[in-house]
Amino acid sequence: MRPLRPDHFQSTFPQAPPLKELRDDVLRIRHALDVDLPDIHRLDREAFPGAAYPYFALRQFFDVFDDFLLVAEDMEDRILVGYILACPKPDGDSCWLHSLGVTESLRGRGLGRRLVVEVLKLLLAEGFREARLTVHPGNATALRLYESFGFTPDSDAPRPDYYGPGEIRMTMTLRLR
Ligand SMILES: CC(C)(COP(=O)(O)OP(=O)(O)OC[C@H]1O[C@@H](n2cnc3c(N)ncnc32)[C@H](O)[C@@H]1OP(=O)(O)O)[C@@H](O)C(=O)NCCC(=O)NCCS
């Protein structure tokens, strides 16, 4: 059941300290843990201002899809700097990449690409036939990233009102096998 006041959690979230730079020796990509949720929520709000998941929704995603929720951790500063969430359909055939975010100060350095690589490796290992996602047609960075992996727009894309009135999105698909 959904909590009545998800905003209650907002005041308790940690603020991230200033970041240094992206260094291979201090960065690792791993599965998310329960204790990561406040930090993932911070990243999600940073990546999607005004459209972030409420905390309870992230918790519910984690409860069901924790095998497919990856985080990038700066082990020196002990903070999360990126995350990716994939949600497999019960048929085991297709899997939606529902969320991807990199902290603003570290964008453009290959971290988003690495997160996508790691999650696609998971999907391949699990035998999924296809990966799917949505992206705003104006999000040139994300579009280029997905296209570089071979994601292609679905035949009916872009779909107006996909996420409600005025919320146009491209739906894209990548065949994995
Ligand atoms: C989308 C996002 C996750 C990309 O992460 P990132 O770490 O900055 O991306 P990378 O550095 O790995 O770059 C991956 C590709 O994105 C594209 N890209 C990156 N920065 C770009 C820029 N400033 N302009 C255009 N394309 C860009 C390039 O194609 C790049 O590939 P290349 O390095 O081979 O040229 C990040 O910008 C972000 O968090 N954005 C806000 C949330 C969001 O839009 N999420 C996706 C929703 S569908």
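The values are calculated or read from the model by the stated rules, or taken from the named source; none is laboratory data. What you see is a predicted model; the values in this text were computed from it and never measured. For neighbour counting, all protein chains shown are included, and Cβ atoms are generated from backbone atoms with ideal geometry for every residue, glycine included.
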- Query: Of the residues Phe56, Phe61, which single one is part of a helix (DSSP H, G or I) and either at pLDDT below 95 or touching a Leu at 6+ places or on another chain (Cβ under 8 Å) (or both)?
  - Reply: Phe61
- Task: Would you be able to say whether some residue in the stretch 150-162 is modelled with pLDDT of 95 or more, touching a Cys at 6+ places or on another chain (Cβ under 8 Å), of a type outside the set (Asp, Glu) and crowded, with 17+ Cβ neighbours inside 10 Å?
- Result: no
- Note on the structure: Reported set for the stretch 128-137 where residues are over 14 Å from Cys87 (Cα atoms) and more than 10 Å from the ligand (Cβ to nearest atom) is Pro137
- Message: Need the failing condition index for Arg177 against (1) farther than 18 Å from Asp39 by Cα; (2) modelled with pLDDT under 95; (3) crowded, with 18+ Cβ neighbours inside 10 Å, just the number.
- Response: (3)
- Task: Would you point out the residue of the stretch 101-120, among those that are near the ligand (Cβ under 10 Å from one of its atoms), farther than 13 Å from Leu27 by Cβ and of a type in the set (A, V, I, L, M), that is surrounded by the fewest Cβ atoms within 10 Å (Cβ to Cβ)?
- Result: Val117
- Item | Meets criteria (hydrophobic (A, V, I, L, M, F, W, C), away from the ligand (no atom under 14 Å from the Cβ), farther than 19 Å from Glu46 by Cα and touching a residue at least 12 places away in the same chain (Cβ under 8 Å)) for Leu123 | yes
- Message: Based on this model, can you work out whether Leu133 counts as within 16 Å of Glu147 (Cα to Cα) and either surrounded by 19 or more Cβ atoms within 10 Å (Cβ to Cβ) or modelled with pLDDT under 95 (or both)?
- Response: yes
- Message: Condition first: over 15 Å from His31 (Cα atoms), acidic (Asp, Glu) and free of Cβ contacts under 8 Å to residues at least 24 places away in the same chain. Can you find one or more residues in the stretch 81-100 that meet it?
- Response: yes
